[in-house]
Amino acid sequence: LPSSHLQQQRIANDDQHDEQSFLVPSKSSANDRRSVLSKFVSGVATSVAATGLATICDGQVANAAPPIAIIAEELGYFPVTNRAGETKYVSARVRRTSSEQSIALAKHMKNIGAVMYGSYWCPHCAHQKELFGAEAWNLIPYVECSMKGFYYDNEKVAKVISKIDGFPTWLIPNRKRKNSDWVSGEMPLERLVALSDYKGDFDVLLEGPEVGMSSGSCR
């Protein structure tokens, strides 16, 4: 099969995979809790579809009560129903408040045409969003690549499927680089500063330690 077909199949297979396997908790208690939630999520999704507990209408997510709140907290996403009655998944909201410099960086990246490609179930994508913070992340163009994601757009994904090598994958146009606009993996903001050729001031120490350090990607 052509590589693009194989990669399309890989994304399809991602949706059939047990999402819990991509989460590696540091404590056995967290592992047990997430395992239970991951197995329970499909049952919750069925309940949601039947009762309309959490629905999205015109892009707005209704307030969700437990156990959906618990699922969002532990797994980083939760089930909702669309207008067609199908169960889809939405990433949990970004909780960290953005710094002024991260907002400025996000505006710059949006202006140059940067886009992040990711998946609702990917912990590296979730952490990348937290690095920006809520206000800055809302400025970053994002494409959902998982078919079960609520905002999945097959047309957008099909155009770039050959470029996606794990989640997150970034498209960062930069005239100084040739044929290297696509980069894969979660990155610290200072790395994105360099890749996007951002000229504003950026002090890593102002971001604080609360988001922690991480790297890598989900495949």
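The values are calculated or read from the model by the stated rules, or taken from the named source; none is laboratory data. Keep in mind the model is a prediction, meaning the values are calculated, not measured. With ideal geometry, Cβ positions are generated from the backbone for all residues, glycine too; neighbour counts draw on all protein chains shown. SASA here: full protein model, heavy atoms, side chains in, ligands and nucleic acids out. Shrake-Rupley method; radii C 1.70, N 1.55, O 1.52, S 1.80 Å.
How high is the FRET efficiency from A84 to D165, r the C-beta distance, R0 30 Å, rounded to 0.05?
Details: r = 32 Å, r/R0 = 1.06.
Efficiency, from the Cβ-Cβ distance: 0.40.
When the Karplus curve 6.51 cos²θ - 1.76 cosθ + 1.60 is applied with θ = phi - 60°, which whole-Hz ³J(HN,Hα) does each residue of segment 197-204 get, with x for Gly and Pro?
Each residue of segment 197-204 in turn: 6, 6, 9, x, 5, 8, 10, 4 Hz.
Once phi is turned into ³J(HN,Hα) by the Karplus curve 6.51 cos²θ - 1.76 cosθ + 1.60 with θ = phi - 60°, what whole-Hz value does each residue of segment 158-171 show in order, with x for glycine and proline?
The phi angles translate into 4, 5, 10, 4, 6, 8, 7, 10, x, 10, x, 10, 10, 9 Hz.
Would you mind listing how long segment 119-219 runs along its three principal axes, going by Cα atoms, in whole Å with the largest first?
Result for segment 119-219: principal-axis Cα extents of 39, 33, 23 Å.
Would you please name the trypsin sites (Lys or Arg not before Pro) within segment 97-202 that are DSSP coil residues with at most 15 other C-beta atoms within 10 Å of their C-beta? Show your work: numbers first, answer last.
On the way: sites: K107, K110, K129, K148, K156, K159, K163, R175, K176, R177, K178, R191, K199; in loops: K148, R175, K176, R177, K178, K199.
Loop-located and lightly packed - R175, K176, R177, K178, K199.
Spin-label point model (7 Å from Cα, Cβ direction): what's the I112 to D201 distance in nm?
A separation of 2.0 nm, rounded to one decimal place.
Note down the net charge around V94, summing +1 for each Lys or Arg and -1 for each Asp or Glu among other residues with Cβ under 12 Å from its Cβ.
On the way: positive: R93, R95, R96, K129; negative: E130, E135.
So the environment of V94 carries a net charge of +2.
Please tell me which of these pairs span more than 21 angstrom C-alpha to C-alpha: K110/K156; K110/K163; K110/K199; K88/K110; K88/K156; K156/K199? Please list the in-between numbers first.
Values: K110/K156 17 Å; K110/K163 19 Å; K110/K199 14 Å; K88/K110 27 Å; K88/K156 18 Å; K156/K199 30 Å.
Table pairs above 21 Å Cα-Cα are K88/K110; K156/K199.
If amide hydrogens are placed 1.01 Å from N in the peptide plane, which non-local residues have theirs closer than 5 Å to the one on Y152?
For Y152, no residues qualify.
Over segment 116-211, average the accessible area per residue using a 1.4 Å probe and give it in Å², no decimals. Write out the running numbers ahead of the final one.
On the way: 4670 Å² over 96 residues.
For segment 116-211, the solvent-accessible area averages 49 Å² per residue.
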